[in-house]
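Bear in mind these aren't lab numbers, they're just calculated from the coordinates by the rules spelled out. Source: prediction; values computed, not measured. Note: ideal-geometry Cβ built from the backbone for every residue, glycine included; neighbour counts use all protein chains shown.
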Ligand code: NAD
């Protein structure tokens with residue numbers, strides 16, 4: 001039997017790298033997966049692939065930073081697959097690719113916090129009462145290693161540090177309801193987001209991840225999305241039953257350098 005047999009999961013950012021790899025992996029492990037993203041067409045492709053492999057998935061086009069959308073995501077998931085046992089708050093943005101804080105527009109800063117921090121808080125706020133009634137669950141928030149080392153911009157690093165803090169508060173407040181909350185902290189991973197950033201940096205004549213790989217990993221390479229998805233799977237499954245409130249770093253040794 002799969003490691004998530006009989007479970008229902010919500011995964012946000014499921015049209016992209018880490019979220020998409022996780023949606024496919026979780027479905028292969030037996031979970032029914034509600035796949036959420038802004039990009040409806042790419043989502044449909046993910047869901048089709050899962051169905052073709054015999055899994056169960058649902059595409060929900062939504063903006064996770066919108067309260068009504070968050071409530072609709074939860075309602076639609078419950079209607080289709082029952083109360084979620086797993087919520088993977090993974091959608092995230094980095095609007096200020098290596099810009100110094102003096103050059104970051106206020107709108108970018110607000111947007112980074114709305115999508116990276118406020119969205120997972122709202123999801124937890126509205127889903128926790130359902131999970132509690134159903135006996136508990138596992139929540140995973142995608143942070144980054146940027147809260148631990150100076151690796152990114154003011155908007156991104158500060159918002160991802162917020163994700164780690166939110167994870168700890170949620171773990172403390174929800175532990176008595178048997179809801180575990182952990183953070184996945186990826187290092188450099190080759191996803192559509194990373195690819196976009198690579199192109200933009202090239203255009204600006206700045207070094208890309210490939211150029212500085214010996215500063216980003218002791219393994220001499222970036223990660224592929226499935227290497228992050230496997231940590232998310234462990235955190236989602238009962239195998240991590242005593243893990244809560246912690247950041248789990250998967251970075252090829254970046255934070256050691
Ligand atoms: P990605 O851009 O490939 O995937 C993210 C997905 O989130 C996209 O499909 C996007 O459409 C979706 N999204 C963005 N805003 C949304 C919104 N408001 N509502 C719904 N969906 C929305 O990126 P990825 O690299 O797979 O990133 C996944 C997570 O991992 C993000 O939180 C990112 O910050 C984090 N992360 C990535 C890396 C990396 O190197 N790729 C490193 C550290 C952390």
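Listing for the model above:
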| quantity | calculated |
| --- | --- |
| Cβ-Cβ FRET estimate between residue 52 and residue 79, R0 fixed at 30 Å, reported to 0.05 | 0.80 |
| Range of Cα positions in the stretch 1-103 per principal axis (Å), largest first | 52, 26, 24 |
| 0 to 90° range, to nearest 10: angle between helix 225-236 axis and the chain longest Cα axis | 40 degrees |
| Gap separating the Cα centres of the stretch 219-256 and the stretch 12-81, nearest whole Å | 21 Å |
| Residues 208, 244, sorted so that the one with the fewest Cβ neighbours within 10 Å comes first | 208, 244 |
| Between 0 and 90°, nearest 10: helix 67-81 axis offset from the chain longest Cα axis | 50 degrees |
| For the stretch 103-216, alpha-carbon Rg over 2.2 N^0.38 Å | 1.25 |
| Taking 185, 256 and counting other C-beta atoms within 10 Å, the order from fewest to most | 256, 185 |
| Cα-derived Rg over Rh, computed across the stretch 90-165 with Rh taken as Kirkwood radius | 1.07 |
| Cβ-Cβ FRET estimate between residue 242 and residue 39, R0 fixed at 22 Å, reported to 0.05 | 0.05 |
| Cα coordinate range in the stretch 167-228, projected on the principal axes (Å, largest first) | 51, 24, 19 |
| Angle between the chain longest axis and helix 17-28 axis [Cα atoms, degrees, rounded to 10] | 30 degrees |
| Sorted by Cβ density within 10 Å, fewest first, the residues 56, 176 | 176, 56 |
| At 1.567 mPa s and 4 °C, Stokes diffusion of the chain via Kirkwood alpha-carbon radius, µm² per second | 71 µm²/s |
| Using distinct alpha-carbon pairs, which all enter the 1/r mean, Kirkwood radius of the stretch 197-242 in Å | 12.9 Å |
